[in-house]
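What follows is a set of notes on a single structure, which appears directly below.
Each reported figure results from applying straightforward, stated rules to the coordinates on display, with no laboratory input. Predicted, not measured: the structure shown is a model, and the values here were computed from it. Note that we place each Cβ from the backbone using ideal geometry, even for glycine, and neighbour counts take in every protein chain shown.
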Amino acid sequence: MTAVCAPHLTLTALPGLPVVAPGDDLAGLIADGLSRGGCALADGDVIVVASKLLSRAEGRYVDLATVSPSPRAQELAREVEKDARLVELILRESTAISRTARNALVVRHRLGFVAANAGIDQSNAQPPGAAPGSGPWVLLLPEDPDAGAERLRARLGERSGADIGVIISDSMGRPFRLGTVGAAIGVAGLPALIDGRGQPDLFGRPLMATVTALADQVAAAADLVAGQADEGRGAILVRGLAWPRPAGMQDAAAGARALVRAADQDLYA
């Protein structure tokens, strides 16, 4: 008797993506990667893109040598033992400070979520063609990841004719847990949240508190394939994902903003 396979996902890293430079056509580079990998987009596919790729295309590089720290940044830098210029950028990219400790500065980012160092990255942050002796360089998160995800979704949809989703992913820590996981900071074309409340469990009991962070789940799964160091796998094709349409679905237009818990409801911020 032939076994029947259970529903499954496939996650495929797009090969040959170059180091993205400011002004690059990111949708075109992703489309080229799909072509090299022999992948044609289909309805329901999701492309997960590392936030660094979008930040690089937007030119979100900053040379710390050009940053003048404020007195507040200098004071805070002494407290947490960080470069005052980096602390200045963290303050500019955030709306509130959540926690401070030696070498740790956790803030509420201007996009709403809580993150260490406002998501500012110091690894793989040097722009192509940077002058010798310049820097040190850092890379800020994209200006508007939801809008960036929507632009990519529209452009890739135009090229392929497929109705797809796009997630912009970044690595984040969690309260009371070690290590980082991929999380969605930009979402287009699929719901960030699925509200399962009221659905029956196996024994007919209605679910009372089950709201699933679909976009974060997909970002974390893609992170397993993308890697965190020099792998160069910044865009992942996710195929086989399914979600309720339209019942039980948060408005997909809400983007990753739907994932952010309101500050007055956040017990850890």
### Long-range amide H partners of Asp163 with built H, under 5 Å
Asp43, Gly44
### Theoretical FRET efficiency, 1/(1+(r/R0)^6), r = Cβ-Cβ of Leu207 and Ser160, R0 51 Å, to 0.05
0.90
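Which values, in whole Å and largest first, are the semi-axes of the equivalent ellipsoid of the stretch 61-140 obtained as the square root of 5 times each eigenvalue of the Cα gyration tensor?
Numbers: eigenvalues 94, 42, 21 Å².
Semi-axes from the Cα gyration tensor: 22, 14, 10 Å.
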### Query
Going by alpha carbons, how many degrees (0 to 90, nearest 10) lie between the helix axis of 145-160 and the longest principal axis of the chain?
50
### Message
List the residues, sorted by chain then number, that are 5 or more residues from Leu105 or on another chain and whose placed amide H is less than 5 Å from its amide H.
### Response
Asn117
### Query
Using Cα-only point scatterers and the Debye equation, what is log10 of I(q)/I(0) for the stretch 1-62 at each q in 0.20, 0.27 Å⁻¹, rounded to two decimals?
-0.84, -1.20
### Task
Between Arg233 and Cys39, with labels modelled 7 Å along Cα→Cβ, what's the label distance in nm to one decimal, could you check?
1.0
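Taking 8 Å as the Cα distance limit and 6 or more residues as the minimum spacing, I'd like the relative contact order of the chain as a percentage. Each step should come with its number before you reach the end.
Details: 513 pairs, mean separation 65.3, N = 269.
Relative contact order comes out at 24 percent.
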#### Entry: Degrees, to the nearest 10: 214-226 long Cα axis against longest axis of the chain
70
### Query
Of the peptides 22-33, 121-132, how do they stack up when ordered by the mean number of other Cβ atoms within 10 Å, highest first?
22-33, 121-132
### Message
Quick one: the Cα spread of the stretch 136-245 along its three principal axes, in angstroms, biggest first?
### Response
56, 42, 24
### Neighbour-limited loop hits for trypsin sites (Lys or Arg not before Pro), the stretch 71-180 (at most 11 other Cβ within 10 Å; DSSP other than H, G, I, E, B)
Arg102
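Would you please classify the overall shape of the chain from the alpha carbon gyration tensor, given that a ≥ b ≥ c denote the square roots of the eigenvalues, rounded means a/c under 1.5, and beyond that prolate means a/b larger than b/c while oblate covers the rest?
On the way: a/c = 2.21, a/b = 1.32, b/c = 1.68.
Oblate, because a/c is 1.5 or more while a/b does not exceed b/c.
Taking 45 Å as R0, compute the FRET efficiency from the Cβ-Cβ separation of Thr10 and Gln122 and round it to 0.05. Display every interim value, and only then the final one.
Values: r = 33 Å, r/R0 = 0.74.
Computed FRET efficiency for Thr10 and Gln122 comes out at 0.85.
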### Task
Please give the length that would be gained between Arg174 and Trp243 if that part of the chain were fully extended, namely 0.36 nm times their separation in residues minus their C-alpha to C-alpha distance (nm, one decimal).
22.3 nm
